[in-house]
1. At 25 °C and a viscosity of 0.890 mPa s, what translational diffusion coefficient does Stokes-Einstein give for the chain, taking Rh as the Kirkwood radius over Cα pairs? Give it in µm²/s as a whole number.
2. Which of PRO95, ALA23, VAL77 sits farthest toward the positive end of the charge dipole of the chain, with +1 on the Cβ of Lys and Arg and -1 on the Cβ of Asp and Glu?
3. Restricting things to alpha carbons, tell me how big the range 57-115 is in terms of Rg and Dmax, in Å.
4. Rounded to whole Hz and in sequence order, give me ³J(HN,Hα) for the range 62-71 from the Karplus expression 6.51 cos²θ - 1.76 cosθ + 1.60, θ = phi - 60°, writing x for Gly and Pro.
5. The range 10-115: which trypsin sites (Lys or Arg not before Pro) are DSSP loop and have at most 13 other beta-carbon atoms within 10 angstrom?
Amino acid sequence: MMKSPRTARANRSPRISKATLTAMIEEATVDCYNESEQVCGWFTMIDENLAVPFDAIVLGVTVTVERVDVTETDQIVAICCRGRHRQSIPILDLPLPIRSPDGWEWIEAYRLWVT
């Protein structure tokens with residue numbers, strides 16, 4: 001049975017106001033002196049607030065997002081696994097599931113900050 005568009009929308013995470021996202025950006029980057037420190041601030045906020053593990057669909061395949069990490073090149077990544085295989089995916093490229101996990105709004109604030 002296919003869900004109606006209204007039901008599908010009801011299961012999605014609520015929209016966040018730009019003012020709220022702006023406040024989150026300020027919180028994540030306060031007292032940061034350069035871009036590397038800002039990325040570290042973002043990583044800390046996402047790591048502390050994003051409820052993992054959760055399932056996501058990447059290229060049509062269900063994976064489990066186990067945790068987030070930051071690379072040596074200051075890229076925040078999601079560590080995804082399927083069976084014995086693990087892959088890091090840039091957090092900005094990670095498609096969030098319809099029922100987004102708690103803390104998903106930090107990824108949205110990060111997206112706004114990057115753009």
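1. Working: Rh = 15.1 Å.
The estimated diffusion coefficient comes to 163 µm²/s.
2. Checked the options; the winner is PRO95.
3. For the range 57-115, the Cα radius of gyration and maximum Cα-Cα distance read 11.6, 34 Å.
4. So the Karplus estimates, Gly and Pro as x, are 6, 10, 9, 7, 7, 6, 10, 8, 10, 8 Hz.
5. On the way: sites: ARG12, ARG15, LYS18, ARG67, ARG82, ARG84, ARG86, ARG99, ARG111; in loops: ARG12, ARG15, ARG84, ARG99.
Here the sparse-neighbourhood loop sites are ARG12, ARG15, ARG84, ARG99.
Rule-based calculations on the coordinates, nothing more; no lab input. Quick caveat, the model's predicted, so the values are computed rather than measured. As a convention, Cβ positions derive from the backbone with ideal geometry for all residues, glycine included, and neighbour counts pool all protein chains shown.
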